[in-house]
Structure formats: C-alpha cells, structure tokens
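See structure below.
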Amino acid sequence: MNYINKDDNGKNNLYANCSLVITDYKMPQMSGKAFINKIREKDTDYKIKIMLISAFMKSDLNVNVMLKNLKIDKVIEKPIHLETLKDEVNKLLLN
C-alpha cells in the first residue's frame with residue numbers, strides 16, 4: 001500500500017497508483033470536488049476508491065448528486081473518530 005502525505009493540490013498526479021484517496025471537501029487551493037474531478041479524468045474505469053470528508057452536513061453538499069456524478073465511494077462528516085475512519089477505510093479496500 002502506498003501512502004502519500006504530500007500536499008500538492010493534485011498537481012503531480014500522485015494518486016495515480018493509489019487504491020484509495022481520502023480528501024477533504026474544502027481545501028485552500030482546490031476544492032475536494034475539483035480534485036475528485038481531476039482524479040476521475042484519469043481514472044475512467046473507477047479503480048480508485050474515493051472517500052470525501054467534510055465538516056458540512058451531508059444534505060448541504062447535495063451528496064446524492066455528487067456520489068452519482070463523481071463516483072464518490074463514501075462521505076464522512078467531521079468530527080471523525082479514528083475507529084470509524086479505520087472501519088470505513090477497511091470496508092472500501094476490501095470491496
């Protein structure tokens with residue numbers, strides 16, 4: 001499993017060999033939605049699982065539309081408990 005902890009705002013295609021990308025909805029230079037769009041431009045067969053994390057209520061993000069259009073595998077609201085995150089990551093990677 002590869003771990004990437006460098007914040008390059010998606011510029012260097014670091015996610016190309018990843019099985020799972022965990023991203024926030026709001027980031028300083030690029031929104032989570034824009035970042036996911038960038039991933040999906042390259043990952044046309046949807047091999048990369050995507051988990052979106054947000055401090056906003058799911059209803060505020062229009063999650064159902066984003067799940068369908070961007071092929072997001074999981075949305076988790078903040079605050080996140082470590083055990084919950086671990087469980088959700090395991091579920092995504094094992095499916």
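Some notes on this structure:
- Multiplying the residue separation of residue 81 and residue 31 by 0.36 nm and subtracting their alpha-carbon distance yields 15.7 nm.
- Cα gyration tensor shape for region 20-94, rounded if a/c is under 1.5, else prolate or oblate: oblate
- Note on residue 90 and residue 20: the model spin-label points, each 7 Å out from Cα along the C-beta direction, lie 1.0 nm apart.
Just so you know, all these numbers are worked out from the coordinates, no wet-lab data involved. Just so it is clear, the structure is predicted and the values come from calculations on it, not from any experiment. Glycine gets a Cβ as well: all are built from the backbone with ideal geometry, and neighbour counts include every protein chain shown.
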